[in-house]
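Let me begin by presenting the structure, written as structure tokens, before commenting on it.
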Amino acid sequence: MPGPLIPDTTRILGEEFVASVDAERRRLLIPGAIVHARTPLLGSVTRGLGVEDVHTDVPLAADSPMRIGSITKTMVGTVVLRLVDEGRVQLDADIRDYLPAPVPPGVTVRRLLNMTSGLSDYTSEDFVAALLDHPERQWTPGELLEVAFGGEQRFEPGTSWEYCNSGYILLGLLIEAAAGDSLELVARRMVFDPLGLENTELPPPASGLSALPRPSVRGYHRRREDLVDATAINPSWAWAAGGAVSTAGDLAVYVEALARGVLLETRTQQQRTDMEPVADGIRYGLGIAAFSGMWGHNGELPGFQSFAAYDPVTATTLVVLTNVDDGAADSLAAFVRTQLHTPSA
């Protein structure tokens with residue numbers, strides 16, 4: 001069921017568009033989704049579709065805060081690159097120059113950002129399954145890295161690419177060491193406040209912080225044919241790799257600034273967006289991805305999935321947030337792009 005429309009000064013994308021997206025949401029069995037789309041020719045729309053809780057059938061509001069998973073990595077990456085611009089961090093310095101990490105030589109800041117470090121990831125299938133069994137557990141960054149360092153190095157640094165959450169936990173600690181403050185406060189000072197992101201936060205890894213700012217929104221994990229409520233999982237396990245909370249409106253502002261390099265020096269943004277192919281239609285840079293022309297990132301953690309990207313050629317912005325995981329936002333975003341007549345993600 002479509003929620004209330006947020007007024008916009010540009011021409012609103014029509015109800016036929018909203019109805020087609022909602023039909024695809026239902027086909028994909030997504031309980032609730034928030035979709036923001038904006039193009040110069042078609043205008044802009046932000047709409048909540050479906051429900052925030054499958055047991056109450058309350059419509060999902062378009063301004064609801066949601067967990068955004070690995071879109072957090074772009075924010076952490078932006079902070080690191082701002083520290084590079086300030087001369088407090090060197091991109092090609094070994095991470096061991098800043099932190100006492102038991103990693104092999106050649107694990108540089110750049111290789112952590114672009115996921116060519118070869119470090120073992122801590123988020124295995126067993127780890128995620130344990131989160132569902134013990135949702136209340138509070139994880140420290142040190143405990144997460146202990147899990148990561150217990151695995152074998154995947155490849156020699158700089159010789160290949162593999163998605164790695166562990167590297168961004170290290171980058172979170174790097175930020176705290178270089179800036180002399182908590183990651184949460186540094187992200188607020190260097191990213192959220194300069195862009196006016198009033199509804200975006202990166203909660204610290206602490207107990208008692210599992211609820212969303214608007215706790216009525218429930219997040220669901222697909223386990224075989226069932227939807228398991230994963231809302232109460234303590235987000236400390238994701239921290240710098242995926243712990244942020246935001247809204248579709250904030251993410252629309254953010255992802256445009258991300259793609260344009262608003263917060264970075266020109267040379268730094270050029271290095272950030274020097275991306276290499278990593279999968280079919282996907283390239284990866286320094287904490288930023290390109291999905292067939294759209295620049296941004298996606299994210300997934302138990303209960304939530306997200307997609308936020310901006311096309312610098314067509315000036316198209318697309319944000320999709322879902323309260324179910326399993327690639328739901330990616331699938332819905334790919335459908336929306338067909339409706340906007342942009343290349344498929």
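To the nearest 20 debye, what charge dipole does the range 159-220 have about its Cα centre, counting +1 at the Cβ of each Lys and Arg and -1 at the Cβ of each Asp and Glu? Show your work: numbers first, answer last.
Details: 4 positive and 7 negative charges, 46 e Å.
Dipole of the range 159-220, to the nearest 20 debye: 220 debye.
Given a 1.4 Å probe and heavy atoms of the protein chains only, how would you sort Val58, Val186, largest accessible area at the top?
Val58, Val186
Extension gain Arg88-Thr56, at 0.36 nm per residue separation less the Cα-Cα distance, in nm? It would help to have the intermediate numbers written out before the result.
On the way: separation 32, 0.36 × 32 = 11.52 nm, distance 5.00 nm.
Gain on stretching Arg88 to Thr56: 6.5 nm.
Using a 10 Å cut-off on Cβ atoms, rank the peptides 90-103, 320-333, 252-265 from the highest mean neighbour count down.
Details: 90-103: 14.7, 320-333: 25.9, 252-265: 20.0.
Per-residue mean Cβ counts within 10 Å order the peptides as 320-333, 252-265, 90-103.
For the chain, what does the helix formula give at 222 nm: sum of -39500 (n - 2.57) over DSSP H segments with n ≥ 4, over the residue count, nearest 500 deg cm²/dmol? If you can, show how the numbers build up before the last one.
Working: 11 runs with 106 residues, N = 345.
Only helices count here, giving -9000 deg cm²/dmol.
Percent of Cα-Cα pairs more than 23 Å apart in the range 86-167, please. Provide the component values of the computation, followed by the final result.
Details: 847 of 3321 pairs.
Tail of P(r) above 23 Å: 26 percent of Cα pairs.
Could you pull out the trypsin sites (Lys or Arg not before Pro) across the range 11-84 that fall in loop regions by DSSP (anything but H, G, I, E, B) with no more than 15 other Cβ atoms inside 10 Å?
On the way: sites: Arg11, Arg25, Arg26, Arg27, Arg38, Arg47, Arg67, Lys73, Arg82; in loops: Arg11.
Sparse-neighbourhood loop trypsin sites (Lys or Arg not before Pro): Arg11.
Out of these labelled values of semi-axes √(5λ) of the Cα gyration tensor in Å, (i) 53, 27, 16; (ii) 30, 27, 17; (iii) 31, 23, 18, which was calculated from the coordinates shown here?
(iii)
The values are calculated or read from the model by the stated rules, or taken from the named source; none is laboratory data. Note that the structure is predicted; figures quoted are calculated from it, not measured. When we count neighbours, we look across all protein chains shown, and the Cβ atoms used for this are built from the backbone with ideal geometry, even at glycine. All accessible areas refer to the heavy atoms of the entire protein, side chains included, with ligands and DNA or RNA removed. Shrake-Rupley method; radii C 1.70, N 1.55, O 1.52, S 1.80 Å.
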